[in-house]
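This report concerns only the one structure given below.
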Amino acid sequence: MKNIKLLLKGALIGIANSIPGVSGGTIAVILGIYNELIDVLSLSIKSIKKNFKFIIFIGIGLIGGLFLFSKLLSEVLFDKYPIPLGFAFMGLIIGSIPFVYRQTKIKKISSKNILFILIGLLPMILMLIINPAPSIVEISLTPKLFIILFICAIIGSFAMIIPGISGSFVLLILGQYQTIINAVSDLNIPILIPAALGVIVGIVFGSRFIKFLLNRFPTPTYTIILGLVIGSIFVIYPGFNLDIQGIISIIILIITTFLAYKISKIEKN
């Protein structure tokens, strides 16, 4: 049963990482596995031996969720039902806020804590201001595209593991989201190779940096994460129309908020 739960959690993180505006790091926080995930992604031999089953089942779930749902998300949900999908992820984030707040271990709100929350909100504000670059789908690999995809994947994967910041949205800003998501859905191996190499580099070095911060400065780090998570609600917000789809979106928001709150109460980080 535990292994099945890990598969499902991995799948949810994989699905989240394929949607611009949704943070896989936030989903990992909601599911109570963020610290453990950062620990194993830093490629510490001790952590890998200790969490070998965790790595296998989370990894299978993540890759399965990313590949199986990338076409569904890019061609159906994201294009045809962006408002219900956006409200679903907003609900997951809102419901997880009390859990993230508990991780900060803050006993009393101070001006310093508010400053750290504002630091977390700042990149979210910038993401709202910045307009994504025009995205052209590339299907043939060239030396120039190899370098571009490698560098963009490093940046996107580093962003991906930071709660609140969407790696997919960063790729959208850099103009490479459509190329990579189409390569994933079509299994375009030549395009996927530089992207995969960049993801590995970005995740390993990024997770080691975050692991250092969590070990040395846990309260300030999680307080900044709280600001990132709160700010991501505004980034994801897809707009709203008072029609059937809008009413369904509100119902979905309530359901996912309740589910995230319940899940975060029973999960142990």
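The values are calculated or read from the model by the stated rules, or taken from the named source; none is laboratory data. Not measured: the values here are computed from a predicted model. Cβ atoms come from the backbone with ideal geometry, glycine included; neighbour counts cover every protein chain shown.
Being of a type in the set (A, V, I, L, M) and more than 13 Å from GLU138 (Cβ to Cβ) is the filter; apply it to the range 175-190 and report the residue that is surrounded by the most Cβ atoms within 10 Å (Cβ to Cβ). Walk me through how you get there before you give the answer.
Narrowing the range 175-190 to residues of a type in the set (A, V, I, L, M): 180-181, 183-184, 187, 189.
Filter again for more than 13 Å from GLU138 (Cβ to Cβ), leaving 184, 187, 189.
On the way: VAL184: 19, LEU187: 9, ILE189: 10.
In this case the residue turns out to be VAL184.
Picking from residues in the range 191-229 that are over 16 Å from LEU43 (Cβ atoms) and among the aromatic types (Phe, Trp, Tyr), the one that is surrounded by the fewest Cβ atoms within 10 Å (Cβ to Cβ) is PHE217.
In this entry, ILE248 passes the filter for residues that are in a helix (DSSP H, G or I) and in contact with a Pro (Cβ under 9 Å, 6 or more places away or on another chain). Looking across the range 103-118, the residues that are modelled with pLDDT of 85 or more and part of a helix (DSSP H, G or I) come down to THR104, SER111, LYS112, ASN113, ILE114, LEU115, PHE116, ILE117, LEU118.
Which residue pairs have Cβ atoms under 8 Å apart, sit 6 or more places apart or on different chains, and have a first residue in the range 105-122 that is within 25 Å of VAL235 (Cα to Cα) and a second that is part of a loop (DSSP other than H, G, I, E, B) and hydrophobic (A, V, I, L, M, F, W, C)? Correct list of pairs: ASN113/ILE106. Do you know which of the residues in the range 153-167 that are surrounded by fewer than 24 Cβ atoms within 10 Å (Cβ to Cβ) and more than 8 Å from the chain's Cα centre (by Cα) is farthest from VAL235 (Cα to Cα)? Only one residue tops the list, namely ILE154.
Which of the following residues is without any contact (Cβ under 8 Å) to a residue 40 or more places away in the chain, in a helix (DSSP H, G or I), within 20 Å of PHE158 (Cα to Cα) and among the aliphatic types (A, V, I, L, M): ILE191, ILE210, ILE180? Criteria check complete, one pass: ILE180. On inspection, SER232 does not qualify as at pLDDT 85 or above and crowded, with 20+ Cβ neighbours inside 10 Å.
Could you tell me whether GLY167 is of a type outside the set (Ser, Thr, Tyr) and at positive phi? It would help to see each step written out before you state the result.
Details: of a type outside the set (Ser, Thr, Tyr): yes; at positive phi: no.
No, not satisfied.
Being among the hydroxyl-bearing types (Ser, Thr, Tyr), outside any loop (DSSP other than H, G, I, E, B) and touching a residue at least 60 places away in the same chain (Cβ under 8 Å) is the filter here, so list the residues in the range 133-177 that pass it. Answer for the range 133-177, where residues must be among the hydroxyl-bearing types (Ser, Thr, Tyr), outside any loop (DSSP other than H, G, I, E, B) and touching a residue at least 60 places away in the same chain (Cβ under 8 Å): SER168, TYR177.
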